[in-house]
Structures are given as structure tokens and as C-alpha cells.
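A short write-up of the structure that comes next.
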Amino acid sequence: MTRPGTRSFLFLSVVVATWAPAAAQAQGEFLYKRDYTFERLEASRVVNDADDAGTIRLVTQVWHPVKNDQHKVVFFSHGSTGALALSPLEFGGDGSARQWLQFFIERGYTIVWPFRRGRGLSTGKYIEECATLVGECTPAQQLALTDRGLASALEDNYAVIDQLVIGKMVPKDAKLLLAGQSRGGYLSLIMAGERPGQVQGAVNFAGAWQSMQERLSPADIQHRLDVQGGPLARAARKSTAPTLWIYAARDPNYTAQAPRELFRIWREAGGRGDFHFIEEHNLPNAHLALGAAALWSAELEAFLKKLE
């Protein structure tokens, strides 16, 4: 999700097989080698367009639980750079995903987090957004990148799932839970509609592909809702999986009503979903509620149980 004028660099599209209760690990710090191990893997896909010709590498980070491994996988998709407020090559490691990682590691899930085309260690050109903040493109040009950027992001995620996850980390017939933060949350919902037979559920943290800020005019906000609402409604008509939508009040990326409008589009098109809105919090940036597990862990725990 991009938003002119503010940094937004987030994660997430989750893939999960089956859920089972798990005893929490020892309280205290979340430690490498005691609680989890880490590795990098690579998938690839062939690209032939105006920006790239040939095979690109999709570098993927993987966290494995040391204890209580349930052989389940969470596929985590990141968000945007915030209209290129950050270089696509920066990792954006602000720590806001740490509690989310711990939540699933403690429940025995392996976490798979790929970098999409041109992001982080992955090769190719980053095509999801342009540098509006320094005047290299206009907000209208940024918005016009939506369809192409979304299509490319889907291909990246599917390449990683098909090459590294299905048939390797989970059985070929496994149902997956998709989830995502910011742009990744929206991406997860679209994936749920494109691969309904493979999806068990979807979790959307503060998701949208484009920002809908208070500074925009009502007409601009409606236009952005229309651009994002079309793919969302098409996905909802095909999706059969439950979804959980988590947003927090005073998110600088959205008006108070924008997330609810996206949810309305999803539900009216036939999508299943529960909307959890965090009204009371003291977050310095409400868009990063992902990093405050106390605000959403009970709802996410209940959602995982509901899937079973």
C-alpha cells in the first residue's frame, strides 16, 4: 500500500495449513536457535516486459520453529515502500513484525516471507509504485500502476508458493491461510479469490493497495476505492474462505471510513469476513498495529480455531 507523504514499508501475505492448539513457549525473549531457526531460499520466474527480460530471483526468508513444529506454513507478504520513500532495496526492518512472527512460531508454524520483484534481495525492477514524493511521477500516474503492479505481485507470490511451499513444506493438497500487512493484506484477499481451492482463510492487517488519506478530496478517495474495489469484488465472488480484517483507529493512510468501505465491497460481493477495529490504542503509527500483539492476538487466536 502506498501513501504519498509518508513512509509505509510493510509485510505480509500468510499461508497456513492446519491449526492445532499449542502450548506457549517459555516467556521472555524470542531467541534465534532457542525458539526458531532461519534460512533463505530462492524461487524464480521468467519475465519479459518493458523493464526485465529473463529469469528473476525471488529471495525468500524462512523462520522454522524449534519446538512444537506443527508442519504448518504462514506465507507472509510485505507491503510497499511508501511511494518510494524508501529504496526498494532497503529491508524496512523496523521490528514491527516481530510479535507477529513470535505469535505463529509459538504455535508451531513455519513462516515464509518472500521479497517480491525488485524488493530487498530479489532481482528485477520494482514496478509497484513510483517516486511521487520527489516529483518523479504524479499521484494519478502512481494510481495507474495498480493493475500491472498487482499482477506482477501475484505472479511473484505464486512462484514462491508453487516452487517452495506446496509439496515441500506442506502436502500438495494442503489448504493455505493467506494473510498480509498493508499492501500485503489486500494482496492476500485477491489471492484468496484466485486460488479458492487452495485457501483455508485470509488475515488482512491494515490492507489496501493504494492509500486513501484525509488530505485527498472526496472525489479522489472515491476514485481510489473504485480502482481497488473492482479486483476486490471479483476476488470476493470466487473466494470461499473466511477472512479476518484488522485495522486501528487514526491510521494515517486511510480516512476513518475507507477500511469499512473496502470491507463493504468485499461482503456485498459475497466474501466471508469479520471486521476487527481497534479503537483504543496508544500506537505512534496506527498503520503498524501488526507489531502490537496485545491488540489483536485474541481475535487471531479465535479465527484460527474457527477455521477448524
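Can you pull out every residue in region 163-199 that is free of Cβ contacts under 8 Å to residues at least 12 places away in the same chain and either in a helix (DSSP H, G or I) or touching a helix residue (DSSP H, G or I) at 6+ places or on another chain (Cβ under 6 Å) (or both)?
Gly197
Please enumerate the residues belonging to region 266-308 that are touching a residue at least 40 places away in the same chain (Cβ under 8 Å), under 23 Å from Gln198 (Cβ atoms) and among the hydrophobic types (A, V, I, L, M, F, W, C).
Matches in region 266-308: Trp266, Leu300, Phe303, Leu304, Leu307.
Taking only region 119-143 into account, find how many residues are surrounded by 17 or more Cβ atoms within 10 Å (Cβ to Cβ) and either free of Cβ contacts under 8 Å to residues at least 40 places away in the same chain or in contact with a Cys (Cβ under 8 Å, 6 or more places away or on another chain) (or both).
Qualifying residue count for the region: 3.
Would you confirm whether or not region 206-220 contains a residue that is surrounded by fewer than 17 Cβ atoms within 10 Å (Cβ to Cβ), at pLDDT below 95, assigned to a loop (DSSP other than H, G, I, E, B) and touching a Gly at 6+ places or on another chain (Cβ under 8 Å)?
The answer is yes; a qualifying residue exists.
Give the residue, chosen from Ala289, Ala233, Ala258, that is under 17 Å from the mean Cα position of the chain (by Cα) and surrounded by 14 or more Cβ atoms within 10 Å (Cβ to Cβ).
Ala289
In region 275-285, what residues are under 15 Å from Asn204 (Cβ atoms) and surrounded by 15 or more Cβ atoms within 10 Å (Cβ to Cβ)?
Those that are under 15 Å from Asn204 (Cβ atoms) and surrounded by 15 or more Cβ atoms within 10 Å (Cβ to Cβ): Phe275, His276, Ile278.
The values are calculated or read from the model by the stated rules, or taken from the named source; none is laboratory data. Since the structure is predicted, the reported quantities are computational estimates derived from the model, not experimental observations. Because the Cβ atoms are built from the backbone with ideal geometry, glycine has one as well, and the counts that use them run over all protein chains shown.
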